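Q: Got a structure for you, written out below as structure tokens; questions coming shortly.
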Amino acid sequence: MICVCWPESVGSLNWSFSVVFHTVKSSFRIFLFTCVVAGLFVSLHHASSDIATSSPRYSVLIVNARIIDGSGNPWYRGDIGIKDGRIVDIGRLERSEAGQVIDAGGQIVAPGFIDVHTHVESIYSLPEAENFVRMGVTSLVTGNCGTSATDVGKFLGQMKQKPIAVNLATLIAHGSVRRKVIGLDDRPPTPEELKQMEDVVEQAMKDGAVGLSTGLIYVPGTYAKTDEIVDLAKVVSRYGGLYATHMRSEEGKVAEAIKESIQVGEQAGLPVEISHFKISSKRLWGQSPMTIGLVREARARGLTVTVDQYAYTASSTSLDSRLPTWLRAGGLEAGKKRLADQTQRERVVKEMKEELKDRGFKDYSYAVVASYEPDPSFNGKSIAEITKQVRGKSDVKNQIDQIIAMYEAGGAGMVYHSMSEEDIGNIMREPFTMIASDSGVHQVDKSLPHPRGYGNNARVLGHYVRDLKVITLEDAIRKMTSLPAQTFGFHDRGLLRPGFAADLVIFDEKTINDLATFEKPHQFAAGISYVLVNGEAVYANGAMTTARPGMALKGSGSSVQVASVKSRN
Ligand SMILES: [Zn+2]
């Protein structure tokens, strides 16, 4: 149980100056009382005005902690002093003056988790980001999978008017830039269009984007050839950013897709981050040593390649991604026109049957609807179940017709049960794997989003660390803190060190657990006691506070002198 000593009422943002001596153990009480008296005596001995103007050594002091510092080192006991949003001291500090003392009660104190794979473009409408905070996340990287704001300066700038609870960084997304310049056409850019795309990317990097993302299964990202991506990645490289990719395939062509990702990094001269690394084809289950091997091989050649992963055997994306990319060129209306043509429709059905077979699934019972606006009663049911309900039969042809009908009605959000536990464990054990949720900001409503948005970090710490012992607690925390910070260039975060930003999470490693399920996803993680962002509590003893201390985390490009920057290639 965490004990928190507040100088004022709990949750108050206006902490008035108060010297609080916290008694860690009852045996200390007399000693500390003596210190208080002695302190007062010393203070009174000096000019009384000193008392009115001086401030405590720390704004927040966390005592009685088991510190896991984010480096992967084993925990140790200590206290952490915080002032002006930064960690000031770590050590035996329990007798120091502080505006607020938090007794961690022997629980784990770790750096706040950095979730490098999110989709939180809507964060300003849900600024508390409660689903993230309550699984210990204090920093988010958005703009993944090829979709981002194209005006990064404006996007991050909104934080001034609309403060948020967590820190925020963004990638500039290739798909959004391509859409802005070329639309949804399936063709290469003209030289002028490529120049325009480069200009948008360059401005985004100057405005603080941390890198370029692609979503190469999505429209319009899927229409880009490798050289187009390399050209844009070269711009990002000049500004010190990385390349984060939702690859062209996580299924039958996953090896080729990994090679393409690495090629972009090699030719453009920048680090590569492969998003939600997985094997999403039943036919290829057990092949993770091969895919991991490709990353290891690239690293052995001296290339910076890392991956991120969410801790579930099901993925979540659109229904549209089941349909061939050529069908979706130009948007929904163009797709509907093609489907009205019998020959083209037959080609769609044929290719979908082939895709299903190639992935090793006998039908679409692995595909479950998360949100379908025209008929919310579909939510939570598989395509096979819905087809049976709507059409009376559930053979593959009828299931494909049902998918097409739902696509024509505007599409659906889906959960795909397509991965194996063994592959997830193999990927998690790699030193270059980060833990990231691939989630948006959620509020409790009737939708059925992927539970990872509420439980991902807690699931790793509970299910994979404590129950399955796939990795150690210290390594899991490293994958959520210092590794993401190193990869994305957040040089003063991700470790508990004096001088570092005071983003911290306190949790009980015996009870931390994910409660969100596919059926009931809107359930917050258990076992998290306290979350601080830039030295301010955003979550304390079971409740969100009203604090909004989040900061924009900008890439090095925002401070780079263009003339002095040269590509590393
Ligand atoms: Zn993705």
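Please treat every number below as a calculation from the coordinates, not as lab data. Here the structure is a predicted model, which means the values were calculated and not measured. Quick reminder, even Gly has a Cβ in these numbers, built from the backbone with ideal geometry, and neighbours come from all protein chains shown.
Q: Cα gyration tensor of segment 163-261, axes a ≥ b ≥ c as square roots of the eigenvalues: rounded (a/c below 1.5), prolate (a/b > b/c) or oblate?
A: On the way: a/c = 1.65, a/b = 1.20, b/c = 1.38.
In terms of gyration-tensor shape, oblate.
Q: Apply the Karplus curve 6.51 cos²θ - 1.76 cosθ + 1.60, θ = phi - 60°, to the phi angles in segment 215-220 and return the couplings in whole Hz, x for Gly and Pro.
A: Those phi angles translate into x, 8, 9, 9, 7, x Hz.
Q: Suppose every Lys and Arg Cβ carries +1 and every Asp and Glu Cβ carries -1, with no other charges. What dipole size does the chain come out with about its Cα centre, to the nearest 20 debye? Could you put the intermediate results ahead of the total?
A: Details: 64 positive and 64 negative charges, 99 e Å.
It works out to roughly 480 debye.
Q: Same structure again: For Met434, what charge total do you get from the other residues with a beta carbon under 12 Å from its beta carbon, if Lys and Arg give +1 and Asp and Glu give -1? Don't skip to the end; give the middle numbers.
A: Working: positive: Arg478, Lys479; negative: Asp115, Glu273, Asp308, Glu430, Asp438, Asp475.
Spelling it out: positives minus negatives among the neighbours equals -4.
Q: Which of rounded, prolate, oblate describes the chain, given a ≥ b ≥ c as roots of the alpha-carbon gyration tensor eigenvalues and a/c under 1.5 marking rounded, otherwise prolate only if a/b is larger than b/c? Working shown, then result.
A: Details: a/c = 2.18, a/b = 1.75, b/c = 1.25.
Cα axes put the chain in the prolate bin.
Q: Could you please rank Phe277, Phe378, Phe490, placing first whichever residue has the fewest other Cβ atoms within 10 Å of its Cβ? Mind dumping the intermediate values first?
A: Values: Phe277 28, Phe378 22, Phe490 25.
Ascending Cβ contact count within 10 Å gives the list Phe378, Phe490, Phe277.
Q: Now for a separate question. For the residue pair Ala334 and Lys154, what label-to-label distance in nm results when each label sits 7 Å from Cα along the Cα-to-beta-carbon direction?
A: 2.4
Q: Could you grab the relative contact order for the chain? Cα pairs under 8 Å, six or more apart, rounded to a whole percent.
A: This gives 20 percent for the chain.
Q: For Ser377 and Glu297, compute 0.36 nm times the residue count separating them, minus their Cα-Cα distance, and round to one decimal in nm.
A: That pair, Ser377 and Glu297, stretches by 24.1 nm at full extension.
Q: Then there is this: Considering amide H positions built from the backbone, and no H for Pro or chain starts, which residues 5 or more places from Ser439, or on another chain, come under 5 Å of its amide H?
A: His119
Q: Take peptides 162-168, 393-399, 447-453, 480-486 and line them up by average Cβ neighbours within 10 Å, highest first, as a rough protection proxy.
A: Numbers: 162-168: 22.0, 393-399: 16.4, 447-453: 23.6, 480-486: 25.6.
By packing density, highest mean first, the sequence is 480-486, 447-453, 162-168, 393-399.
Q: If you don't mind, another one. Where in segment 294-334 does the amide nitrogen come within less than 17 Å of the point 7 Å from the Cα of Glu355, taken along Cα to Cβ?
A: Zone members listed by number: 315-334.
Q: Under a Cβ-Cβ cut-off of 15 Å, what is the net charge of the residues other than Asn73 that fall near it, where Lys and Arg count +1 and Asp and Glu count -1? Write down the numbers at each step before the final one.
A: Numbers: positive: Arg66, Arg77, Arg478, Lys479, Arg497; negative: Asp69, Glu474, Asp475.
Charge balance near Asn73 sits at +2.
Q: Please list, by residue number, everything in segment 412-444 whose backbone N is under 19 Å from a paramagnetic label point 7 Å out along Cα→Cβ of Ser125.
A: Within reach of a label on Ser125: 412-414, 439-444.
Q: Can you run phi through the Karplus equation (6.51, -1.76, 1.60; θ = phi - 60°) for segment 116-132 and list ³J(HN,Hα) in whole Hz, with x for Gly and Pro?
A: Calculated HN-Hα couplings, in order: 7, 10, 9, 10, 10, 4, 8, 4, 5, 8, 10, x, 6, 6, 4, 5, 7 Hz.
Q: Hey, fewest Cβ within 10 Å first, where do Leu504, Leu184 land in order?
A: Working: Leu504 28, Leu184 17.
Ordered from fewest to most neighbouring Cβ atoms within 10 Å, Leu504, Leu184 come out as Leu184, Leu504.
Q: Per-residue counts of other Cβ atoms within 10 Å, averaged by peptide: what ranking do you get for 124-133, 297-306, highest first? Write down the numbers at each step before the final one.
A: On the way: 124-133: 20.9, 297-306: 15.1.
Sorting 124-133, 297-306 by mean packing, highest first, produces 124-133, 297-306.
Q: Right, here's the next one. For segment 70-76, take each phi angle, set θ = phi - 60°, evaluate the Karplus expression 6.51 cos²θ - 1.76 cosθ + 1.60, and give the result in whole Hz per residue in order, putting x for glycine and proline.
A: x, 7, x, 5, x, 4, 9
Q: For the residues Asp207, Asp341, what sequence is obtained by ranking on other C-beta atoms within 10 Å, fewest first? Show your work: numbers first, answer last.
A: Details: Asp207 22, Asp341 10.
Fewest-to-most ranking of Asp207, Asp341: Asp341, Asp207.
Q: Show which aspartates and glutamates lie in cross-link reach of Lys206 when reach means a straight Cα distance below 13 angstrom and same-chain residues fewer than eight apart are skipped.
A: Asp151, Glu198
Q: Ok, one more. Straight-line reach from Lys362: which aspartates and glutamates have a Cα under 18 Å away, not including same-chain ones fewer than 8 places off?
A: Of all the aspartates and glutamates, those that pass the test against Lys362 - Cα under 18 Å, at least 8 places apart if same chain - are Glu251, Glu351, Glu354, Glu385, Asp395, Asp401.
Q: Would you mind counting up the charge near Gly535? Only other residues with Cβ under 11 Å from its Cβ, with Lys and Arg at +1 and Asp and Glu at -1.
A: Values: positive: Lys83, Arg86; negative: Asp84, Asp503, Glu536.
Net charge around Gly535: -1.
Q: Using R₀ = 25 Å, calculate the FRET efficiency as 1/(1 + (r/R₀)^6) where r is the Cβ-Cβ separation of Lys282 and Glu519; round to 0.05.
A: Numbers: r = 22 Å, r/R0 = 0.90.
Efficiency computed from Cβ-Cβ geometry: 0.65.
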